[in-house]
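The values are calculated or read from the model by the stated rules, or taken from the named source; none is laboratory data. Computed from a prediction, not measured in an experiment: that's the story for all the values here. In this analysis, Cβ positions are derived from the backbone assuming ideal geometry, glycine residues included, and neighbour counts consider all displayed protein chains.
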Amino acid sequence: MAQQLESYIQEHEGRFLEDLKGWLRIPSISTLPEHAGDIRRAAEYAAGQLRGMGFANVGLIATKGHPLVYGEWLNAPGKPTLLVYGHYDVQPVDPIELWETPPFEPTIRGDSLYARGACDDKGQTMLVFKAMESLITVNGALPVNVRVLLEGEEEAGGESIAAYVQEHSDRLGCDAVFICDTGMPSKDIPVLIYGLRGITYTEVEVRGPKRDLHSGEFGGIAPNPLHALALIIASLKDAGGHIHIPGLYDRVRPPTGAEQAFWRDDPLGIAETLREEMGTGYVGENEYPPLERLWARPTLEVHGISGGFVGEGAKTVIPAAAKAKISLRLPPDLRSEEVFALFERRVKELAPAGVEVSVTNIHGGEGVMVSPDSAPMRAAAAALKETYGKEPALTREGGSIPIAALFDEVLRVPVVMMGFGLPDDNLHSPNEKYSLAQFFRGIRTVASFLQKLA
């Protein structure tokens, strides 16, 4: 059967890729209301893939936001049940002028496929679909029972799926969860993720005069919201990367000795790979090794500042208001709501005279730590070794998948986080791509994982 499975995958690689391209052509940007119709088309496209494989009870689940996609294949009595998670929404494409090819016209350049969502997460979800299709076609069945639950709001906070999982956990009975939305440090270093950080994403607004003012007539006596915002931001984090929010570090979990040794020695050269991708030197808390800063320390980042005049030429204006988007990544044990309260209080304490400050909690999610010793994690490790020829490394990841923590908390089953993205895939940036080799290797690895899980 193994040779038949390999032959089927080889024979259908072209069609697998075309099916992915069809999905990528749909601009399913969840944060922009004008794409609501595209979001639904992308959801229907995923449902069509599931129906084509023979999944039952396939459909869209209405929510207060974008729909969920559900399907199930439960024809393996006595075998484990796996809940497969993914998301079909994508990030906005700005700045559009930096894309070498249109973001929703999938284009192959070299050995990669370029499009928004190519890796995050349509490409990774599609490879799971194609692994299942291959097994069903060649063997006549899946080796385990599978439920699929996809969301369309991962890039916008994930409120709808969070509510559904909390309210309808009885419909999601499973023995393990599989999330294919992570990556590897290089194409030659397979990894399994056992820890993710959480996130608190905020907007800080500073208001000063009742209207924009002429800086010649009012400069020196009028409060400037942009300057006030700059003072607040500069006081939140110093040049050494230390965050000055009282109470933030109180519950940071100390790493184990093995983690400290791995982060310090970095035997796989992960930090250097990431440094090359950045194109600059490291910054941040120099008393901690780069991998610890990346995976296990709180961070605070400013994503954008708006206010005043930013066009060509000059306009001497004191703006009435200024805004900044600021997020904090949170290692496990730091709860997003509690951190938001600390952040809001500190921002208001730092506000200079003459301005009013408001802080909005746009969205948040929790970090998660999972045991690498569970049977599903061992099955995933064995599958990676089979495909890549070496034992996978066990690592944390600096990003956030809030639904992983919710699955862990509500369903109380092992969460397997195994993905095939690479550091240069330009996630959330122009020219997002996915390695074709990783896409097809991923199909083979997931097929092997499902067989070993059985």
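Some values worked out for this structure:
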quantity: Any hit, segment 116-128, residues being assigned by TED's automatic domain parsing to the domain that holds P80, aliphatic (A, V, I, L, M) and farther than 21 Å from V93 by Cβ; calculated: yes
quantity: Matching entry among E159, E155 (being touching a Ser or Thr at 6+ places or on another chain (Cβ under 7 Å) and at pLDDT below 95); calculated: E155
quantity: Where I232 falls short, out of the listed (1) touching a residue at least 40 places away in the same chain (Cβ under 8 Å); (2) surrounded by fewer than 16 Cβ atoms within 10 Å (Cβ to Cβ); calculated: (2)
quantity: Identity of the residue in segment 174-200, not in a strand (DSSP E or B) and not hydrophobic (A, V, I, L, M, F, W, C), that ends up surrounded by the fewest Cβ atoms within 10 Å (Cβ to Cβ); calculated: D188
quantity: Candidates A36, A43 - the one that is assigned to a helix (DSSP H, G or I), assigned by TED's automatic domain parsing to the domain that holds T387 and surrounded by 19 or more Cβ atoms within 10 Å (Cβ to Cβ); calculated: A43
quantity: Qualifying residues in segment 353-371 (those that are buried (at least 17 other Cβ atoms within 10 Å of the Cβ) and in a loop (DSSP other than H, G, I, E, B)) - the one modelled with the highest pLDDT; calculated: V355
quantity: The one condition in (1) in a strand (DSSP E or B); (2) at pLDDT 95 or above that E386 fails to fulfil; calculated: (1)
quantity: Candidates G78, G59, G52, filtered to the one that is surrounded by fewer than 18 Cβ atoms within 10 Å (Cβ to Cβ), assigned by TED's automatic domain parsing to the domain that holds V144 and assigned to a helix (DSSP H, G or I); calculated: G52
quantity: Test: residue in segment 206-215 that is closer than 21 Å to A230 by Cβ and of a type in the set (S, T, Y); calculated: yes
quantity: Subset of segment 201-221 (residues that are surrounded by fewer than 16 Cβ atoms within 10 Å (Cβ to Cβ) and in a loop (DSSP other than H, G, I, E, B)); calculated: K210, R211, G219, G220, I221
quantity: Any chance R293 is touching a residue at least 24 places away in the same chain (Cβ under 8 Å), more than 22 Å from the chain's Cα centre (by Cα), over 18 Å from R335 (Cα atoms) and not in a loop (DSSP other than H, G, I, E, B); calculated: no
quantity: The listed residue being in a loop (DSSP other than H, G, I, E, B) and surrounded by fewer than 15 Cβ atoms within 10 Å (Cβ to Cβ), out of E391, E337, E409; calculated: E391
quantity: Any hit, segment 416-437, residues being basic (K, R) and at negative phi; calculated: yes
quantity: In segment 253-293, residue modelled with the highest pLDDT [restricted to those that are more than 17 Å from L192 (Cα to Cα) and in contact with an Asp or Glu (Cβ under 6 Å, 6 or more places away or on another chain)]; calculated: R293
quantity: Counted residues, segment 81-98 - those being under 20 Å from L172 (Cβ atoms) and outside any loop (DSSP other than H, G, I, E, B); calculated: 7
quantity: Count of segment 110-168 residues which are farther than 16 Å from L450 by Cα and either assigned to a loop (DSSP other than H, G, I, E, B) or not acidic (D, E) (or both); calculated: 29
quantity: Matching residues, segment 44-101, being in contact with a Gly (Cβ under 8 Å, 6 or more places away or on another chain) and hydroxyl-bearing (S, T, Y); calculated: Y45, Y70, T81, Y88
quantity: Test: residue in segment 160-182 that is in contact with an Asp or Glu (Cβ under 8 Å, 6 or more places away or on another chain), farther than 21 Å from L427 by Cα, of a type in the set (S, T, Y) and assigned by TED's automatic domain parsing to the domain that holds N57; calculated: yes
quantity: All positions within segment 246-263 that are assigned to a helix (DSSP H, G or I) and exposed (fewer than 13 other Cβ atoms within 10 Å of the Cβ); calculated: G257, A258, A261
quantity: Number of positions in segment 222-245 that are farther than 18 Å from G398 by Cα and either in a strand (DSSP E or B) or hydrophobic (A, V, I, L, M, F, W, C) (or both); calculated: 13
quantity: Residues located in segment 426-454, provided they are surrounded by fewer than 23 Cβ atoms within 10 Å (Cβ to Cβ) and assigned to a loop (DSSP other than H, G, I, E, B); calculated: N426, L427, H428, S429, P430, N431, A454
quantity: In segment 311-359, the residues that are closer than 28 Å to F218 by Cβ and in contact with a Lys or Arg (Cβ under 9 Å, 6 or more places away or on another chain); calculated: A320, A321, A322, V355, E356, V357, S358, V359
